[in-house]
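Coordinate-derived values only; no laboratory data. Predicted, not measured: the structure shown is a model, and the values here were computed from it. A quick note on method: Cβ atoms are made from the backbone with ideal geometry, for glycine too, and the neighbour counts reach across all protein chains shown.
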């Protein structure tokens with residue numbers, strides 16, 4: 001177990017190193033930071049002096065090492081716009097985004113398993129055909145279009161749901177404010193969650209269906225039938241458990257992807273999360289904030305994937321984490 | 001009354017552009033505790049016969065006509081509930097490849113106990129105790145530990161023993177074994193067969209052994225059916241069929257055994273291949289591969305008739321019997 005964990009952590013560190021390198025390289029190519037910091041009236045000599053002071057004339061390696069050293073101490077630079085440490089800015093926005101992703105994940109898990117299983121068990125039924133047809137539509141329509149359509153129908157036409165913002169939130173801990181404590185918070189998070197789930201849900205329905213249909217053809221399912229086992233037990237114990245193994249792996253990657261997708265959803269719904277913040281940072285050429293965002297999202301990816309691999313090992317008995325060494 | 005009585009069983013497969021007949025008018029009986037072998041090449045319909053007996057054909061296969069009377073009740077007419085009560089309880093099945101038969105994510109114990117609890121009102125602990133007893137019967141060492149293990153932790157031979165133990169869990173009247181040793185090591189094959197024979201005899205369980213191994217059939221069974229292209233072409237006591245086969249196909253199978261050939265000589269084989277289901281030739285399906293075939297063989301399907309000690313479906317069986325060719329072929 002320890003050897004496996006150590007191996008995973010080393011892999012994670014290597015991935016984070018590459019991400020930081022890419023993020024840092026981008027930083028150098030997003031224009032001249034001085035232009036953002038000082039006005040046009042500052043003379044060229046003063047600019048050069050400032051460059052020297054800020055270390056902008058040092059070699060790439062020296063600059064990267066300084067950047068990485070600071071990053072390890074939690075200093076990802078200072079946002080030009082907010083005049084605050086970039087990491088703090090992001091951490092303040094993080095809970096909103098994570099809650100949105102959590103809401104979308106609830107929808108995806110809650111619907112994809114029953115729909116995927118149903119369409120696999122009854123592939124020829126009319127309902128299955130409708131579900132599969134809708135899933136194609138869902139995959140094909142971009143998130144921002146789904147979001148705008150939903151605002152138009154449910155907020156503007158019917159007025160059931162608010163169209164923007166987080167509504168009433170309740171302070172939980174530190175920067176963490178939650179939507180799930182008030183009715184208004186719930187109302188505000190429903191549409192954005194559905195929008196965010198709209199691409200992943202059909203994907204997962206189709207994935208679960210395809211895996212399940214394959215598992216239902218397997219010898220061990222046939223054998224379970226030959227033993228006279230109740231069909232529900234065959235579907236949900238024998239087949240589903242095997243179906244979910246590959247789904248868990250894909251799911252881990254997709255949670256990371258969803259964090260990235262929040263850029264679109266948050267922008268349409270004016271959701272005060274990291275995605276919305278990132279788009280604003282790009283507009284303002286707030287380089288430290290952009291770099292910090294890339295690193296934080298990369299970190300979330302790495303952490304979720306590592307956790308998912310550990311869960312996979314727990315669910316799949318043929319992967320023995322305890323004995324998995326180097 | 002016989003334990004199992006199959007009458008005129010016809011199984012079809014609905015393919016996209018046509019419907020093919022996989023089993024054509026299969027009829028046979030099995031007495032209580034009797035052991036029957038079904039032999040033939042791949043594609044003869046042996047496994048389909050086995051699955052049909054439990055009404056376990058999956059799409060696109062279906063039972064078209066015929067009766068499968070098991071303890072007097074027609075399996076073909078049973079509803080799902082009756083079928084569940086039959087499967088694993090009164091009639092059990094042993095599958096071909098033990099590496100893929102057991103569910104990889106469930107422990108041996110879960111897979112044994114669920115079978116017991118599906119058919120009997122037992123507590124979990126009672127079911128566990130029965131599972132342990134049955135594992136002992138198939139000579140599994142330290143059965144308590146095995147119950148906690150997953151299939152991938154056990155060898156193929158061990159898994160097939162466990163599958164045999166699962167088959168015996170509910171003391172069925174009949175076990176259908178579909179090539180139970182094909183996927184195993186040669187050294188383990190003999191052990192497994194011996195174990196099955198011992199258990200069937202001591203528990204008075206009927207056995208239908210599906211195999212292409214005539215050696216195994218002669219060792220294990222009392223009666224034998226020889227199948228070709230979805231029909232029974234020869235049936236009778238195993239001793240008779242092995243020692244004095246009547247159908248040219250059965251003769252060919254027995255001549256093809258390595259024991260029938262001197263070392264260094266080429267093995268004798270039946271020329272050609274078994275026809276596919278969609279292209280079964282007119283008349284006797286074996287006629288293109290048969291050196292005795294006549295015009296009659298090419299136009300009419302032979303009925304299965306008593307001939308001597310066995311039943312055989314061959315137009316030319318009488319001529320063959322007096323023919324020197326046959327003496328020569330058997331030499």
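Work out the FRET efficiency for residue B:59 and residue A:176 from their Cβ-Cβ distance, taking R0 = 35 Å, and round it to the nearest 0.05.
0.10
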| said: What number results when the radius of gyration of region B:1-67, computed over Cα atoms, is divided by 2.2 N^0.38 Å? | reply: 1.16
| query | What is the diffusion coefficient of region A:46-87 in µm²/s, taking the Kirkwood radius over Cα pairs and the Stokes-Einstein relation at 4 °C with a viscosity of 1.567 mPa s? | reply | 115
| task | Taking each pair of different alpha-carbon atoms in region A:202-263 once, compute 1/r for the pair, average those values, and report the inverse of that mean as the Kirkwood hydrodynamic radius in Å to one decimal. | result | 12.8
| task | May I ask you to give the average projected area over all directions of the convex hull of the Cα atoms of region B:55-123, in nm² rounded to one decimal? | result | 6.3
| message | Please check: in the Gaussian network model of chain A (C-alpha springs, under 10 Å), which one of A:287, A:304, A:265 has the largest mean-square fluctuation. | response | A:304
| task | Take the Cα gyration tensor of region A:229-326, multiply each eigenvalue by 5, square-root it, and list the three semi-axes largest first, rounded to whole angstrom. | result | 38, 19, 6
| said: If I model region B:37-174 as equal point scatterers sitting on the Cα atoms and use the Debye formula, what is log10 I(q)/I(0) at q = 0.21 Å⁻¹? | reply: -1.29
| said: Taking every DSSP beta bridge with both residues inside chain B, roughly what % is antiparallel (nearest 5)? | reply: 60
| said: Using Cα-Cα distances under 8 Å and only pairs 6 or more residues apart, what relative contact order does region B:220-331 have, in percent? | reply: 26
| request: Report, please, the projected area of region B:184-331 averaged over directions, based on the convex hull of its C-alpha atoms, in nm². | output: 10.5
| query | Binned at 5 Å from 0, what are the whole-percent values of the Cα-Cα distance distribution for region A:173-224, short to long? | reply | 4, 16, 12, 12, 12, 11, 10, 8, 7, 6, 2
| Helix B:124-137 vs. chain B, principal-axis angle (Cα, 0 to 90°, nearest 10) | 50
| query | At q = 0.11, 0.15, 0.21 Å⁻¹, what log₁₀ I(q)/I(0) does a Debye calculation on the Cα points of region A:145-266 give, no solvent, two decimals? | reply | -0.59, -0.83, -1.10
| said: Just the number: Rg to Rh for region A:123-207, Cα atoms, Kirkwood Rh, two decimals. | reply: 1.09
| message | For the protein assembly as shown, take N as its residue count and report Rg(C-alpha) divided by 2.2 N^0.38 Å. | response | 1.36
| note | So for R0 = 45 Å, FRET eff. of residue A:132-residue A:45 from the Cβ-Cβ r, to 0.05, ends up at 0.05
| If you average the sequence gap of Cα pairs under 8 Å that are 6 or more apart and divide by the length of region B:114-238, what percent do you get for the contact order? | 18
| What is chain A's relative contact order, in percent, from Cα pairs under 8 angstrom and six or more apart in sequence? | 28
| note | Per residue convex hull volume, Cα only, region A:1-136, in Å³ is 207
| query | Averaged over A:216-223, how many beta carbons belonging to a partner chain fall within 10 Å of each residue's beta carbon? | reply | 6
| remark: The percentage of Cα-Cα pairs in region B:215-256 separated by more than 15 Å is 33
| request: Using a 10 angstrom cutoff on alpha carbons, build the Gaussian network for chain A and name the most mobile of A:275, A:313, A:138. | output: A:313
| chain B: angle of helix B:156-168 to the longest principal axis, Cα-based, in degrees nearest 10 | 80
| query | What Kirkwood hydrodynamic radius do you get for region A:65-219 when you take the inverse of the mean 1/r over all pairs of distinct Cα atoms, in Å? | reply | 18.3
| At what distance in angstrom do the alpha carbon centres of region A:252-271 and region B:255-270 lie from each other? | 70
| query | Angle, helix B:108-119 long axis vs. longest principal axis of chain B, Cα atoms, 0 to 90°, nearest 10? | reply | 80
| message | Based on C-alpha coordinates, I'd like the Rg and Dmax of region B:180-235, in Å. | response | 12.3, 35
| query | In terms of the Cα gyration tensor, with a ≥ b ≥ c the square roots of its eigenvalues, is region B:144-244 rounded because a/c is under 1.5, prolate because a/b exceeds b/c, or oblate? | reply | prolate
| field | the protein assembly as shown: calculated mean residue ellipticity at 222 nm from DSSP helix runs of at least 4, using -39500 (n - 2.57) | value | -17000 deg cm²/dmol
| remark: Proxy exposure order for B:247, B:124, B:119, B:315 (fewest C-beta within 10 Å first) is B:124, B:119, B:315, B:247
| remark: Over the Cα atoms of chain B the radius of gyration and the largest Cα-Cα distance (Dmax), both in Å, equal 20.9, 67
| query | When you look at the Cβ of every residue in B:102-109, what mean number of other chain Cβ atoms sits within 10 Å? | reply | 6
| message | For chain A, take N as its residue count and report Rg(C-alpha) divided by 2.2 N^0.38 Å. | response | 1.21
